[in-house]
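The values are calculated or read from the model by the stated rules, or taken from the named source; none is laboratory data. These figures come from a predicted structure and were not determined experimentally. Positions of Cβ are backbone-derived with ideal geometry, glycine not excepted, and every protein chain shown enters the neighbour counts.
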Amino acid sequence: MEKHDKTSVRYMLNNKHKGFWTVSPDEVVVSALQLMFANDVGAVAVLENNTLIGILTERDCTRKVLLQDKSARTTKIRDVMTTGVYTVRLDQTVDDCRTLMTDKNVRHLPVLEDDGRLVGIISIRDAMRYTLSDQAFMIEQLESHIYGGHPASHEE
């Protein structure tokens with residue numbers, strides 16, 4: 001069994017409860033919205049010939065469809081998706097993801113294998129949930145060390 005660094009995107013994806021969903025650029029926006037709603041996700045990857053060409057987010061739908069009086073039933077995904085998407089690799093760290101998301105003001109990062117194949121999507125919520133879980137584990141370990149393996153007691 002291959003060992004993975006617990007700070008890596010690979011480790012986080014392997015322990016993530018939700019998968020990821022993809023759409024074709026020629027589908028209409030409403031089909032992507034229905035997919036996002038059914039799976040309780042805020043973004044879908046847009047693939048053409050199994051290659052990532054963009055991402056469609058709820059924010060894209062709001063700003064580029066609803067607020068511009070376009071119809072989600074007739075507007076093609078390719079006309080409103082975000083292109084030039086920032087991506088991460090499996091061996092990058094969760095800290096790398098959070099930094100990139102913060103610096104570039106994005107909420108979702110597609111994860112690519114070295115060959116360019118899409119293997120997941122990391123959301124800002126995933127990264128924060130992972131960080132909080134990691135910090136809670138670290139606190140437990142420190143308390144265990146401080147109190148000699150016994151549960152922390154604040155009474156003296």
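Counting only residues that are within 20 Å of the chain's Cα centre (by Cα) and in a strand (DSSP E or B), how many does the stretch 49-77 have?
Number satisfying all stated conditions: 7.
Could you tell me whether the stretch 99-106 includes any residue that is crowded, with 17+ Cβ neighbours inside 10 Å and either acidic (Asp, Glu) or within 24 Å of LEU33 (Cβ to Cβ) (or both)? Don't jump to the end; show me each part of the working.
Quick first cut of the stretch 99-106, residues crowded, with 17+ Cβ neighbours inside 10 Å only: 100-101, 106.
Now drop any that are not either acidic (Asp, Glu) or within 24 Å of LEU33 (Cβ to Cβ) (or both), which leaves 101, 106.
Yes; the residues of the stretch 99-106 include at least one that is crowded, with 17+ Cβ neighbours inside 10 Å and either acidic (Asp, Glu) or within 24 Å of LEU33 (Cβ to Cβ) (or both).
Of all residues in the stretch 85-98, count the ones that are in a loop (DSSP other than H, G, I, E, B) and either at pLDDT below 95 or of a type in the set (Val, Ile, Thr) (or both). Outline the logic, then answer.
Within the stretch 85-98, the subset in a loop (DSSP other than H, G, I, E, B) is 85-87, 90-92.
Then keep just the ones that are either at pLDDT below 95 or of a type in the set (Val, Ile, Thr) (or both); that gives 85, 87, 90-92.
Residues meeting the conditions: 5.
Could you go through the stretch 10-19 and let me know if any residue there is modelled with pLDDT under 95, surrounded by 15 or more Cβ atoms within 10 Å (Cβ to Cβ) and of a type in the set (Phe, Trp, Tyr).
Step one: list which residues in the stretch 10-19 are modelled with pLDDT under 95, which gives 10-19.
From what's left, surrounded by 15 or more Cβ atoms within 10 Å (Cβ to Cβ): 10-13, 16.
From what is left, the residues that are of a type in the set (Phe, Trp, Tyr) are 11.
Yes, there is a match, as at least one residue in the stretch 10-19 is modelled with pLDDT under 95, surrounded by 15 or more Cβ atoms within 10 Å (Cβ to Cβ) and of a type in the set (Phe, Trp, Tyr).
Going residue by residue through the stretch 99-109, is there one that turns out to be over 17 Å from the mean Cα position of the chain (by Cα) and either modelled with pLDDT of 75 or more or not in a loop (DSSP other than H, G, I, E, B) (or both)? Don't jump to the end; show me each part of the working.
Residues of the stretch 99-109 over 17 Å from the mean Cα position of the chain (by Cα): none.
Within the stretch 99-109, none of the residues are over 17 Å from the mean Cα position of the chain (by Cα) and either modelled with pLDDT of 75 or more or not in a loop (DSSP other than H, G, I, E, B) (or both).
Cβ-Cβ below 8 Å, separation at least six or inter-chain, first residue in the stretch 20-38 and within 12 Å of MET81 (Cβ to Cβ) and among the hydroxyl-bearing types (Ser, Thr, Tyr), second modelled with pLDDT of 95 or more and part of a helix (DSSP H, G or I): which pairs?
Hits for this filter: SER24/ILE77.
For VAL41, all conditions in the list (1) over 17 Å from SER123 (Cβ atoms); (2) modelled with pLDDT under 95; (3) aliphatic (A, V, I, L, M) hold save one; what is the number of the exception?
Every listed condition holds for VAL41 apart from (1).
Given the structure, is THR131 modelled with pLDDT under 75, β-branched (Val, Ile, Thr) and surrounded by 11 or more Cβ atoms within 10 Å (Cβ to Cβ)? Even if it seems obvious, please write down each step before you answer.
Details: modelled with pLDDT under 75: yes; β-branched (Val, Ile, Thr): yes; surrounded by 11 or more Cβ atoms within 10 Å (Cβ to Cβ): yes.
Answer is yes for this residue.
State whether the residues of the stretch 82-98 include one that is crowded, with 17+ Cβ neighbours inside 10 Å and farther than 18 Å from VAL9 by Cβ.
Yes; the residues of the stretch 82-98 include at least one that is crowded, with 17+ Cβ neighbours inside 10 Å and farther than 18 Å from VAL9 by Cβ.
Give the number of residues within the stretch 28-70 that are touching a His at 6+ places or on another chain (Cβ under 8 Å) and not hydrophobic (A, V, I, L, M, F, W, C).
Going residue by residue through the stretch 28-70, those that are touching a His at 6+ places or on another chain (Cβ under 8 Å) are 42-43, 55, 57.
If we keep only those that are not hydrophobic (A, V, I, L, M, F, W, C) too, we end up with 42, 57.
Of the residues in that region, 2 qualify.
Within the stretch 21-31, restricting attention to residues that are hydrophobic (A, V, I, L, M, F, W, C) and either touching a Pro at 6+ places or on another chain (Cβ under 8 Å) or under 17 Å from GLY120 (Cα atoms) (or both), which residue is surrounded by the most Cβ atoms within 10 Å (Cβ to Cβ)? Step through it out loud before you land on a result.
Our first condition is that a residue be hydrophobic (A, V, I, L, M, F, W, C); within the stretch 21-31, this holds for 21, 23, 28-30.
Adding the requirement that they be either touching a Pro at 6+ places or on another chain (Cβ under 8 Å) or under 17 Å from GLY120 (Cα atoms) (or both) leaves 21, 23.
Details: TRP21: 15, VAL23: 21.
Here the answer is VAL23.
Out of the residues in the stretch 60-77 that are closer than 25 Å to GLY116 by Cα and touching a residue at least 24 places away in the same chain (Cβ under 8 Å), state the one that is surrounded by the most Cβ atoms within 10 Å (Cβ to Cβ). Even if it seems obvious, please write down each step before you answer.
First, the residues of the stretch 60-77 that are closer than 25 Å to GLY116 by Cα: 60, 76-77.
Next, from what is left, pick out any that are touching a residue at least 24 places away in the same chain (Cβ under 8 Å): 76-77.
On the way: LYS76: 13, ILE77: 23.
Once the filter is applied, the top-ranked residue is ILE77.
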